[in-house]
Amino acid sequence: MSNVRKTSTFLALALALALAGCGSKKPIEQAPQAVQTKRISSDPTAAHGALRFSAAVEPDARVPVSFRIPGYVTAIKQTRGESGGMRDLAEGDRVSAGTVLVRIRSAEYEDKVRQAASQAAAAEAIAHKAKLDFDRATRLFASQSITKADFDGAQAQYDATQSQVKAARALTSEAEIALRDTSAVAPFDGDIVGKAVELGALVGPGSPVLVVARTDLVKIVIGVPDTALPAVTLGQPVDVSVDAYGDRTFQARVSRMASAADPRTGNFEVEVAIPNRDRALKAGMIGSLELAQKGSAPNASLRVPLSAIVQAGAAQYGVYVIEGGDGAATASLRPVEIGPVIGTDIAVVRGLTDGDEVITSGANLIKDGQRVEIVK
């Protein structure tokens, strides 16, 4: 009985010590989540019924230059470099329409042209003799000096040789086209924006060796919500600004409008063409423009990056807003009502106020009330 009592006492003491030990440990605090933020401010143009769009500048046309036939590269167009010496064509160089840019080995194709030409000459010689025979047979048949069978034989021989001549000429033409295809030429005046070839490389049919872009006319393509579409017409003049050129404005026109909305975004694709004769605008620069909006919603002048929007429940969206100062910043989930997508941003109709600091990067990794660390 005493042994049972000792065992029970030991177990009770062990349990008490374990509980005491657990109570003496401090809870492990979770490290703040690193996030990036942006302080939003109202856009006065949007408040007056205008939407601002941003998109990358694109060339009016971009054509991959390739060969129809395989071969080894034997020459690349030479151009004068900055040092004054000649160098191979490279990205950024200007080319003119019809300029030979790259050549592949042509010896075997020249041989095929000569072979086809000799065969065509032989076929024409045979056809010439057959024509003389047919002409003589025609005269003799008219004077009843030969039989109808002899005349038909001469005519059949003449017709056959004419077919052979046509076939030989077709082979010659095909060989000449293949020889011409050993040279890749510029389809129009433009800039080299891509290069995937070096001297001595083996190129295959259809594999692009260079990419030529027409840059004297460039464009930007934007997604326009249906609320702004009625204010857009083909040929409408538009002022485009580019961050790289500060206050300079580029005069442009609406050149194309989609007839159906994008099923993913619900926006209509609108293309704006920008004359670029001085080629100041480069592909990849960001252009901005404004379009009027019909029936703009209250507070639609507030916009946040698309990356700031998170799911805040069934059919509900939200934005994490920073609360607290440095060292004690927390993320507070704020339900919002969103408006149309504007380039890489989205309008917020309700839920935010001017000056709110919203989380733009890392929003999907945090929870409401979690401590965060703002990184620049």
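The values are calculated or read from the model by the stated rules, or taken from the named source; none is laboratory data. This one's a predicted model, so the numbers in the text were calculated from it and none came from an experiment. Glycine gets a Cβ as well: all are built from the backbone with ideal geometry, and neighbour counts include every protein chain shown. All accessible areas refer to the heavy atoms of the entire protein, side chains included, with ligands and DNA or RNA removed. Shrake-Rupley method; radii C 1.70, N 1.55, O 1.52, S 1.80 Å.
Structural remarks
- Within the accessible area of the chain, the carbon and sulfur atoms contribute 54%, probe 1.4 Å, all protein chains present.
- Relative contact order (%) - the chain, alpha-carbon pairs under 8 angstrom, separation at least six: 26
- Loop-located trypsin sites (Lys or Arg not before Pro) across region 231-293 with a Cβ neighbour count of 13 or fewer within 10 Å are 248, 264, 277, 279, with loop assigned by DSSP.
- With 32 Å as the limit on Cα-Cα distance, the pairs of 112/148; 219/367; 77/112 that go past it are 112/148; 219/367.
- Fraction of antiparallel bridges per DSSP, the chain only, in percent to nearest 5: 95
- Pairwise Cα distances in the chain exceed 29 Å for 69 percent of all pairs.
- Rg then Dmax, both in Å and based on the Cα atoms of region 162-246: 23.3, 71.
- Over region 154-231, relative contact order from alpha-carbon pairs under 8 Å, at least 6 apart, %: 24
- Summarised as an ellipsoid, region 63-175 has semi-axes of 55, 12, 11 Å, derived from the eigenvalues of the Cα gyration tensor scaled by 5 and square-rooted, with the largest first.
- Of 67, 141, the residue with the largest accessible area leads and the full order is 141, 67 (1.4 Å probe).
- For the chain, the solvent-accessible area works out to 58 Å² per residue, with a probe of 1.4 Å and every protein chain left in place.
- Computed [θ] at 222 nm, helices only, for the chain once each DSSP H run of length n ≥ 4 contributes -39500 (n - 2.57): -9000 deg cm²/dmol
- Springs join every pair of Cα atoms under 10 Å in this Gaussian network model of the chain, and among 127, 75, 314 the largest mean-square fluctuation is at 314.
- Partners for residue 129 among aspartates and glutamates (Cα-Cα distance below 17 Å; same-chain residues under 8 apart left out): 150, 152, 159
- Legend: helices of the chain (whole DSSP H runs) are marked when their alpha-carbon atoms reach 18 angstrom or more along the helix axis and their mean Kyte-Doolittle hydropathy is at least -0.5; marked are 2-24, 107-142.
- Solvent-accessible area of residue 86 with every protein chain in place, 1.4 Å probe, in Å² to the nearest 10: 100
- Accessible area of residue 353 (1.4 Å probe, protein heavy atoms only, ligands and nucleic acids ignored): about 80 Å².
- The calculated Kirkwood hydrodynamic radius for region 296-376 is 12.9 Å, given to one decimal from all distinct C-alpha pairs.
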